[in-house]
Amino acid sequence: MKEMEACFSNILSSSFAIVALLTLLHLTSLTKTCSAARALHHTNTNTQFIRTSCVATTYPRVCYNSLSAYATDIQTSPKQLAHTALSVTLTGAQSTSAMMSKLSARHGLRPGEVGAMRDCIENMGDSIDELRQSLEEMDHLSGPHFDFQMSNIQTWVSAALTDEDTCMDGFDGDAMNGKVKNIVRGQIVKMAQLTSNALALVNNLASTQSKSP
């Protein structure tokens, strides 16, 4: 009889242990599910913010595609969105300039093509400097000098866009090699689109967060 009672007691203890383990596993699973759901919600909110903000740009699809990968960093901050857009644009400008430098060193280019490439590289260098200045100013954007700083940023980004347009103008006409022209213009067009979008996001930041009375 005592052996049966002991056996029954062991079974109950084991059952309780199994139930407790299953309950713990279930709670752990629920916690992970809730955490994943919250993370997904934040991600969706962040990407939706980027998508909505990009509607105000000239090239919304380019804007979203270039910035959506940084949704976690941007979150729903207009300032971080503009900063990231400028950073992405600067990186693109640097890559484009490097590509053009290599292309200009190729043999077989006509004198007119070499001259246009050199002028374009100079324009891109100016654009890079202006984008870099705008980013540095953005890093210190706060306080009573907000409007003045924003004006500087807008001026520099606008100048960068003008330099890129000037670069493209140098490749107009039939005297240019079709392949070279297509490669260069294709890259500069992409750069101009990124810069235009960055300027739109900067302008939006300026209009919505101005510190003027």
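Which order do the peptides 68-81, 192-205 come out in when sorted by mean C-beta neighbours inside 10 angstrom, highest first?
The most tightly packed comes first, giving 192-205, 68-81.
Using the Cα centre as the reference, give the magnitude of the dipole from point charges on the C-beta atoms of segment 58-132 (Lys, Arg: +1; Asp, Glu: -1; all else neutral), rounded to the nearest 20 debye.
In total the dipole reaches around 240 debye.
Label points 7 Å out from Cα along the Cβ direction at residue 136 and residue 207: separation in nm?
If labels sit at residue 136 and residue 207, their model points lie 3.0 nm apart.
In square nanometres and to one decimal, what's the mean projected area of the convex hull around the Cα atoms of segment 88-213?
For segment 88-213, the mean projected area of the Cα convex hull comes to 7.6 nm².
Checking the cross-link filter: which aspartates and glutamates have an alpha carbon closer than 17 Å to that of residue 179, excluding same-chain neighbours under 8 positions apart?
The qualifying aspartates and glutamates are 113, 169.
Relative to the present Cα-Cα distance, how much length would full extension add between residue 146 and residue 48 at 0.36 nm per residue of separation?
Net length gain for the segment: 32.6 nm.
Just so you know, all these numbers are worked out from the coordinates, no wet-lab data involved. All of these numbers come straight from a predicted model, not from anything done at the bench. All Cβ positions, even for glycine, are placed from backbone atoms using ideal geometry, and neighbour counts span all protein chains on display.
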